[in-house]
Amino acid sequence: MSGTIPAHIEPRRLADRGIALKGTVSAARMTRLSALLDAPAGEVQVELNFNRDEQGISAMHGHYQLEVALICQRCLERVVLELDAECDVGFVASDEAAKNLPRHYEPVILDDEALDLHELIEDELLLALPAVPMHPMGTCQHPPGYQPDEAEPEEEAEKPNPFSVLAKLKRDT
């Protein structure tokens, strides 16, 4: 199916049927993500593939793309970055079942209610944000009149060896 991604789903049913969803989600609905951005983001491109793996685990492979505007931590100007995140999720019923999932799955514990898919997508995008957003090296825009400090580092003066006193004592004996 393609179009707008639904907000709530029943992942086990989708996995049983092998459903694939492709569409968009408005980033404006993602309040935690929007609070970290310098400018509002557009639409998140989403591809979700639900299935059961060879062990019978209900799983989802997700791929998310979004262009975000953040503040560069070198020059403090806006930097636009492309987020491109993927995840493999295993749906389980309890913490104990989550411990038994294969390592390549991120566990999502389901209760009897439908899963908030938009919140799951927002979580994955938050994890995809860089810890320190920056322009590529050498492309930062500095304010007019900025002059980088190009002073030559001072050569280290020779420091006396603290063990030279011991060497002198050894020679004297």
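Odds and ends about this structure:
- Taking chymotrypsin sites (Phe, Trp or Tyr not before Pro) across the range 42-132, none is in a DSSP loop with at most 11 further Cβ atoms lying within 10 angstrom of its Cβ.
- Globularity index of the chain, i.e. its alpha-carbon radius of gyration over 2.2 N^0.38 Å: 1.71
- Considering helices alone, the calculated mean residue ellipticity of the chain at 222 nm is -5500 deg cm²/dmol, with DSSP H runs of length four and up weighted by -39500 (n - 2.57) and normalised per residue.
- Of the beta bridges in the chain, as assigned by DSSP with both residues counted there, near 80 percent are antiparallel.
- For the range 77-84, putting each phi into the Karplus relation 6.51 cos²θ - 1.76 cosθ + 1.60 with θ = phi - 60° gives couplings of 10, 5, 10, 9, 10, 9, 8, 9 Hz, in residue order, rounded to whole numbers and with x for Gly and Pro.
- Between the amide H of GLU67 and those of GLY42, LEU83, distances stay under 5 Å, these residues lying 5 or more places away or on another chain, with hydrogens modeled in the peptide plane.
- Cβ-to-Cβ counts within 10 Å put ASP95, ASP16, ASP112 in ascending order as ASP112, ASP95, ASP16, the fewest first.
- Segment CYS140-ALA167, length gained on full extension (0.36 nm per residue, minus Cα span): 4.4 nm
- DSSP loop GluC sites (Glu not before Pro) with at most 13 other Cβ within 10 Å excluded, longest remaining stretch of the chain: 1-53
- Here the extension length gained between ASN100 and THR4 equals 31.2 nm, from 0.36 nm per residue of separation less the Cα-Cα distance.
- Amide H to amide H distances under 5 Å link CYS140 with no residue, where only residues 5 or more positions off or on other chains count and H is placed in the peptide plane.
- Short-range pairs are left out: with C-alpha atoms under 8 Å and at least six residues apart, the relative contact order of the chain is 19 percent.
- Protection proxy ranking of 129-135, 68-74 - average other beta-carbon atoms within 10 Å, highest first: 68-74, 129-135
- Phi angles of the range 109-114 translate, via the Karplus equation with coefficients 6.51, -1.76, 1.60 and θ = phi - 60°, into HN-Hα couplings of 7, 9, 10, 6, 7, 5 Hz per residue; Gly and Pro are given as x.
- Residues with amide H under 5 Å from that of VAL79, placed H, sequence gap 5 or more: LEU70, ILE71, CYS72
- Ascending count of other beta-carbon atoms within 10 Å, so fewest first, for ASP111, ASP123: ASP111, ASP123
- Student exercise, the chain dipole from Lys, Arg, Asp, Glu Cβ charges, in Debye to nearest 20: 320
- Formal net charge of residues neighbouring GLU47 (Cβ-Cβ distance under 15 Å; K, R +1; D, E -1): -4
- If you take the Cα centroid of the range 7-42 and the Cα centroid of the range 53-110, the two points sit 12 Å apart.
- Neighbour-count order for LEU81, LEU117, LEU66, fewest beta carbons within 10 angstrom listed first: LEU81, LEU117, LEU66
- Residue-wise HN-Hα couplings along the range 122-134, as the Karplus relation 6.51 cos²θ - 1.76 cosθ + 1.60 with θ = phi - 60° gives them from phi, are 4, 4, 5, 5, 4, 5, 7, 5, x, 5, 10, x, 8 Hz; Gly and Pro carry x.
The numbers here are math on the coordinates, done by the rules we state, and not lab data. These figures come from a predicted structure and were not determined experimentally. FYI the Cβ positions are ideal-geometry reconstructions off the backbone, even for glycines, and counts take in every protein chain you see.
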